[in-house]
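Chemist: Pasting a structure here, questions to come.
The values are calculated or read from the model by the stated rules, or taken from the named source; none is laboratory data. Values in this document were obtained by computation on a predicted structure and should not be read as measured data. Don't worry about glycine lacking a Cβ; one is built from the backbone with ideal geometry, like all the others, and counts go over all protein chains shown.
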Amino acid sequence: MRPWMLLPLMFAGCQSLENRLVFHPERHAAPPARSLPAPLEDVTLRTADGTKIHARWCPHPNAKGAILYCHGNAGNLEDYGQLMREFWQALDRSVLIIDYPGYGRSEGKPSEAGCYAAAAAAYDWLTHDAKVPAERIVIAGESLGGGVAVDLATKQPHQALVLIRTFTSIPNVVKDLYWMPLAPAVMKVRFESEKKLPSCPAPIFIAQADNDRIIPFAHGERLRGVSKTPTHFHRLPGLDHNDPLPASFFREVRAFLDRLDGERAE
């Protein structure tokens with residue numbers, strides 16, 4: 001999430017304006033699937049209204065399950081190749097990353113509803129096409145993607161929810177950073193994670209950066225406070241919003257998921 005994107009939201013209330021301020025997609029050429037190094041594979045998904053969504057699938061040869069990853073508000077999935085490789089290597093799980101409508105090679109225009117629809121299409125593809133059992137799917141989201149992941153986690157069965165440097169809601173970020181108390185009342189773009197999280201039934205892993213200048217650390221603490229399921233809270237010490245995730249993060253997530261795998265095997 002870009003820090004300057006929130007300033008003009010003092011004029012909030014117009015959804016089309018808010019969409020342009022919140023979503024910062026990039027559309028640039030991507031290599032065709034045949035030129036991608038193994039085991040990456042480009043996948044075309046379709047939302048319920050027929051919109052084509054670009055996704056990338058990285059199957060693991062010894063997969064314990066799959067991660068459905070929802071990225072932040074800027075760029076497109078081409079910017080997350082290294083991160084996906086780290087998830088793939090550290091967690092021994094296949095990884096599916098999606099673009100939202102209007103991002104990269106996906107059709108449509110960015111919107112909150114469009115993000116939710118893209119995630120729903122990705123989940124359907126994982127369970128029906130990739131044949132990944134629901135109880136082996138980890139739904140993960142970072143920044144804006146955390147709001148997308150929370151919404152999906154309230155609607156579909158899954159093994160765990162992983163939230164990384166995300167918020168309680170978009171209006172709350174505006175209110176906290178720019179002292180705009182009316183933002184929660186007037187904004188149309190919401191991503192109401194704090195309200196939705198109590199309905200998420202599976203265990204939750206929350207990683208929050210304590211030097212985050214975009215999403216205050218307190219947002220992660222508030223999400224932990226409303227969770228109704230076993231929740232592991234991981235502080236990312238000294239990290240800002242867009243800093244690379246450290247090895248300690250992947251170790252913690254691995255240990256968290258290994259415990260869940262052990263519980264399922266008992």
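Chemist: Being farther than 24 Å from S111 by Cα and at pLDDT below 95 narrows it down to one residue among G225, G262; which is it?
Modeler: It is G262.
Chemist: If you don't mind, there's one more thing I want to ask. So S227 ticks every box in (1) touching a residue at least 24 places away in the same chain (Cβ under 8 Å); (2) closer than 25 Å to A90 by Cα but one. Which box is left unticked?
Modeler: Against the list (1) touching a residue at least 24 places away in the same chain (Cβ under 8 Å); (2) closer than 25 Å to A90 by Cα, S227 comes up short only on (2).
Chemist: I've got another one for you. Report those helices (runs of 4 or more DSSP H) wholly inside the range 169-266 carrying at least 2 residues which are farther than 23 Å from R136 by Cα and touching an Asp or Glu at 6+ places or on another chain (Cβ under 7 Å).
Modeler: 217-226
Chemist: In the range 92-112, which residues are under 25 Å from K131 (Cα atoms) and either more than 15 Å from the chain's Cα centre (by Cα) or assigned to a loop (DSSP other than H, G, I, E, B) (or both)? Explain how you work it out, then say what you get.
Modeler: Going through the range 92-112, the residues under 25 Å from K131 (Cα atoms) turn out to be 92-101, 105-106.
Passing the criteria: D92, R93, S94, D99, Y100, P101, R105, S106.
Chemist: Which residues, taken from the range 57-78, are in a strand (DSSP E or B) and either of a type in the set (D, E) or in contact (Cβ under 8 Å) with a residue 60 or more places away in the chain (or both)?
Modeler: First, the residues of the range 57-78 that are in a strand (DSSP E or B): 57-58, 66-70, 74-75.
Hits for the range 57-78 are W57, A66, I67, L68, Y69, C70, A74.
Chemist: Give the residues of the range 79-137 that are among the aliphatic types (A, V, I, L, M) and either free of Cβ contacts under 8 Å to residues at least 24 places away in the same chain or in contact with a Gly (Cβ under 8 Å, 6 or more places away or on another chain) (or both), sorted by residue number.
Modeler: A113, V132, I137
Chemist: Can you confirm whether Q156 is assigned to a loop (DSSP other than H, G, I, E, B), modelled with pLDDT of 95 or more and either of a type outside the set (K, R) or crowded, with 20+ Cβ neighbours inside 10 Å (or both)?
Modeler: Yes; evaluated as a whole, the condition is true for this residue.
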